[in-house]
Amino acid sequence: MRTPFIAANWKMNGTRSEVAELLAGFKAGINTEGRQVAIFAPFVFLPAVQEALQGSDIAWGAQNAHKEASGAYTGEVSLGMLKEFGCQYVLAGHSERRTLFGETDYIVADKVAAALAAGVTPVLCIGETLQEREQGITGEVCRRQLGTVLDVVGVEGFRKLVVAYEPVWAIGTGKTATPEQAQETHAELRAFLAETDADMAAGLQILYGGSMKAANAAELMAQSDIDGGLVGGASLKVDEFTGICNAAAR
Ligand code: PGA
């Protein structure tokens, strides 16, 4: 009953010509029937992404946004601006934003709330570091990250967002969580949210992220609580990302 959702997170990569090539390849190769696909591009490429994908079944969004609508926030981009370029989605709280740019659970929660208020669907990213996994506090960390947002946007907010569970130790490292490890955490997170509202938890798309590639995507997405993927490195290659999308069970 949950539609598979596969998202490309290009991070700070790409040139104009590479972006054009990727988009053409995705449009030609991805079968979107029964699947949701979205591309998270750097801000400056959003006009090109909009031009290329408008009218296709592939959606797009930004990797970050500021919570305020406008004002003296040098270097920031608002949700209203993103909407002008057709963004339906925005990432919130990616681990790189949290660790490299100081985004706390509270900052992330405010961004999620602002996105929902603007009518842009947030993809809320959560996940534990290697140290936290080794300490056995994976569940605790993820529940805290989810719980802070839940306190701010409530069950109704959670009905309108997407969660991406990305163990930090698996991001960009080539070390994918095993399907069992990922499934265990996804199930635990869904159960945690079901304590608040079973219906919301059952309908929530929870994506896996962290070194997903065409070769491991089908096995990961076959797990009952894994509803798709947030793909970094492999989304910069047409064959890899197309393979991941087309491997998503329909
Ligand atoms: P990766 O990145 O696929 O390169 O590990 C995933 C992400 O950071 O969203």
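The values are calculated or read from the model by the stated rules, or taken from the named source; none is laboratory data. This is a predicted model, so every value here is computed, not measured. Counting neighbours? That spans all protein chains shown, and the Cβs are built from the backbone with ideal geometry, glycine included. When the accessible area is computed, the model is the full protein with side chains, heavy atoms only, and any ligands, DNA or RNA have been set aside. Shrake-Rupley method; radii C 1.70, N 1.55, O 1.52, S 1.80 Å.
Worth a mention:
- Mean-square fluctuations from a GNM of the chain, with a 10 angstrom spring cutoff on Cα atoms, peak among 85, 158, 101 at 101.
- Gaussian network model of the chain, springs between alpha carbon atoms under 10 Å - residue of 221, 12, 212 with greatest fluctuation: 12
- Protein-only accessible surface order, largest first, of 97, 190 at 1.4 Å: 97, 190
- Net charge in the neighbourhood of residue 175 (other residues with Cβ under 13 Å of its Cβ; Lys, Arg +1, Asp, Glu -1) is +1.
- The chain - accessible surface per residue (Å², probe 1.4 Å): 44 Å²
- Relative to the current alpha-carbon distance between residue 215 and residue 69, full extension at 0.36 nm per residue lengthens the span by 48.4 nm.
- Here is the list for the stretch 1-70: GluC sites (Glu not before Pro) lying in DSSP coil, each with at most 11 other C-beta atoms within 10 angstrom of its C-beta, are 33.
- Accessible surface of the stretch 102-221 [probe 1.4 Å, protein heavy atoms]: carbon and sulfur percent: 52 percent
- Of the residues 189, 125, 214, the one whose Cα sits farthest towards the positive end of the charge dipole of the stretch 124-228 is 214 (charges of +1 on Lys and Arg Cβ, -1 on Asp and Glu Cβ, taken about the Cα centre).
- Working note: 222 nm ellipticity from helices only, DSSP H runs with n ≥ 4, each -39,500 (n - 2.57), summed and divided by the residues of the chain, gives -13500 deg cm²/dmol to the nearest 500.
- Cα-centred dipole magnitude for the stretch 148-205, charges only on beta-carbon of K, R (+1) and D, E (-1), debye, nearest 20: 240 debye
- Computed about the Cα centre, the dipole magnitude for the chain is approximately 460 debye when only Lys and Arg (+1) and Asp and Glu (-1) carry charge, each at its Cβ.
- Largest accessible area first, the residues 169, 10 order themselves as 169, 10 under a 1.4 Å probe with ligands, DNA and RNA left out.
- Within a Gaussian network of the chain (alpha carbon springs, distance under 10 Å), most fluctuating of 163, 155, 49: 155
- Each of residue 117 and residue 224 was given a label point 7 Å from its Cα along the Cα-to-Cβ line. The distance between the two points is 3.9 nm.
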